[in-house]
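Everything below concerns the one structure shown next.
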Amino acid sequence: MLDDLNTLQTQGLAELETAANADALEAWRIAYIGPKGALKALMPRMKDVPREQKAAVGARLNEVKTALEAAFERKKAGFASAAAHEEPAVDLTEPGIVETAHLGRRHIITRVRAELVEVFARMGFDVAQGPELEDDEHNFVKLNIPAGHPARDPIDNFYVDDPNTTGTPRMLRSQTSTVQIRTMERVIGEGGTPPIKIVSPGRVYRPDTVDATHSFMFHQIEGLYIDRGVTMSDLKTTLLQFARAYFGHDAEIRLRPSFFPFTEPSAEFDMKIALKPGEEPKWVELGGCGMVDPNVLKACGIDPETWTGFAFGFGIERIAMGKYAIPDIRMLFENDVRFLERV
Ligand code: DAH
């Protein structure tokens with residue numbers, strides 16, 4: 001009996017070592033320490049053990065039982081902790097907490113500006129740039145707005161220098177038409193000639209009282225196309241193409257006769273858009289346009305007998321408000337996060 005108990009212990013422990021998974025472990029339990037296992041099977045033999053050895057054999061039996069059971073528990077615990085390590089500590093399938101993933105994005109004006117440039121780029125317009133701190137030469141004189149013209153009134157402009165100084169007083173530009181002049185000057189200055197085909201988006205400044213449709217700073221996009229034989233119908237076609245590309249194929253445009261010193265003839269450019277969500281579309285003035293005045297071409301060293309061109313200038317805020325149904329221009333500059341998240 002003692003030999004059998006020793007064998008059972010050695011063999012049991014050795015076999016337990018080889019149990020590689022939970023199933024093998026359970027099979028071992030059944031075979032060795034289960035109710036029908038090898039250990040239980042030895043118990044009836046206690047009655048055959050001579051009386052004087054009973055106590056020693058009984059103690060040994062208990063020892064083997066305890067050893068096998070303890071070894072089993074240890075092995076089981078080992079499996080459990082190994083299994084626990086296999087589970088990912090973090091459930092990667094769990095949805096994230098939104099607050100930690102606050103993605104920013106570009107401001108709506110920046111986006112609209114890029115969209116407009118993109119549409120005009122597809123029609124062959126390059127992007128040109130000019131300074132925001134200008135001088136009256138580029139903001140007025142070369143645009144055929146001579147001294148004494150009401151548009152030059154200091155009340156309506158942000159002069160940096162005294163407007164009555166001799167020379168060319170500096171000012172914050174009041175229109176992106178300045179970039180027409182700068183671009184033509186540059187091309188001619190570099191010994192080039194038209195064709196010139198550019199758009200120029202940027203900030204402009206006017207001392208207007210702020211309300212739902214006015215701001216002392218806003219954005220325009222200027223366009224200029226100079227070539228041989230450019231006509232008013234090229235202008236209208238370009239504007240219609242633009243309107244359809246940007247606002248959709250059913251976009252409607254309208255040109256109304258108007259006056260600008262730097263174009264002749266001149267027109268206001270209107271589009272039918274809904275400025276408020278759900279509202280009936282109305283005619284909205286987006287800006288001005290026309291055929292570049294010969295005086296402007298001459299001022300930049302371009303011969304108006306050879307070259308003609310059209311120009312336009314639109315308010316980017318107006319376009320953004322029309323496209324994205326923004327009812328008040330102030331929303332674009334207040335930077336209220338609730339608004340910025342919506343557009
Ligand atoms: N510069 C004009 C304005 O700010 C807009 C404009 C009108 C631009 C006619 C042009 C143009 O290029 O041809 O009101």
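Brief remarks on what is shown
- Any pair with Cβ under 7 angstrom, 6 or more apart, that starts in the stretch 248-262 at a residue that is closer than 17 Å to Thr237 by Cβ and away from the ligand (no atom under 15 Å from the Cβ) and ends at one that is outside any strand (DSSP E or B) and of a type in the set (Phe, Trp, Tyr): none
- Gly130 being in a loop (DSSP other than H, G, I, E, B) and at pLDDT 95 or above: yes
- So Thr165, is it away from the ligand (no atom under 16 Å from the Cβ) and touching a helix residue (DSSP H, G or I) at 6+ places or on another chain (Cβ under 8 Å): no
- Test: Phe310 is buried (at least 19 other Cβ atoms within 10 Å of the Cβ), modelled with pLDDT of 95 or more, under 38 Å from the mean Cα position of the chain (by Cα) and in a helix (DSSP H, G or I): no
- Residue match in the stretch 55-64 (condition: open to solvent by 60 Å² or more (accessible area, probe 1.4 Å) and over 26 Å from Glu17 (Cα atoms)): yes
- Where Phe260 falls short, out of the listed (1) open to solvent by 10 Å² or more (accessible area, probe 1.4 Å); (2) out of contact with any Ser or Thr (no Cβ under 7 Å at 6 or more places or on another chain): (2)
- Condition check for Lys142: of a type outside the set (A, V, I, L, M, F, W, C) and touching a Phe, Trp or Tyr at 6+ places or on another chain (Cβ under 7 Å): no
- Residue check: Glu317 meets all listed conditions (1) closer than 22 Å to Phe218 by Cβ; (2) open to solvent by 50 Å² or more (accessible area, probe 1.4 Å); (3) among the acidic types (Asp, Glu); (4) part of a helix (DSSP H, G or I) but one, namely (2).
- Among residues that are among the charged types (D, E, K, R) and closer than 21 Å to Phe312 by Cα, Glu115 is included.
- Between Leu224, Leu240, the distinction of being within 18 Å of Cys289 (Cβ to Cβ) and within 14 Å of the ligand (Cβ to nearest atom) belongs to Leu224 only.
- Condition broken by Arg330, with the remaining ones in (1) open to solvent by 80 Å² or more (accessible area, probe 1.4 Å); (2) within 16 Å of the ligand (Cβ to nearest atom) satisfied: (2)
- Single condition Pro195 does not satisfy, out of (1) free of Cβ contacts under 8 Å to residues at least 60 places away in the same chain; (2) under 23 Å from Thr237 (Cβ atoms); (3) open to solvent by less than 30 Å² (accessible area, probe 1.4 Å): (3)
- Of all residues making up the stretch 269-307, the number that are open to solvent by 30 Å² or more (accessible area, probe 1.4 Å), among the charged types (D, E, K, R) and within 16 Å of the ligand (Cβ to nearest atom): 1
- Filtered residues of the stretch 28-41 (kept if part of a helix (DSSP H, G or I) and open to solvent by 60 Å² or more (accessible area, probe 1.4 Å)): Arg29, Ile30, Lys40, Ala41
- Matching entry among Met123, Met171 (being at pLDDT 95 or above and in contact with a strand residue (DSSP E or B) (Cβ under 6 Å, 6 or more places away or on another chain)): Met171
- Some residue of the stretch 192-203 being more than 16 Å from the ligand (Cβ to nearest atom) and not in a loop (DSSP other than H, G, I, E, B): no
The values are calculated or read from the model by the stated rules, or taken from the named source; none is laboratory data. Being a predicted model, the structure only gives us computed values, none of them experimental. Cβ: placed from backbone, ideal geometry, glycine included. Neighbour counts: every protein chain shown. Accessible surface is based on the protein model in full, side chains and every heavy atom, while ligands, DNA and RNA are left aside. Shrake-Rupley method; radii C 1.70, N 1.55, O 1.52, S 1.80 Å.
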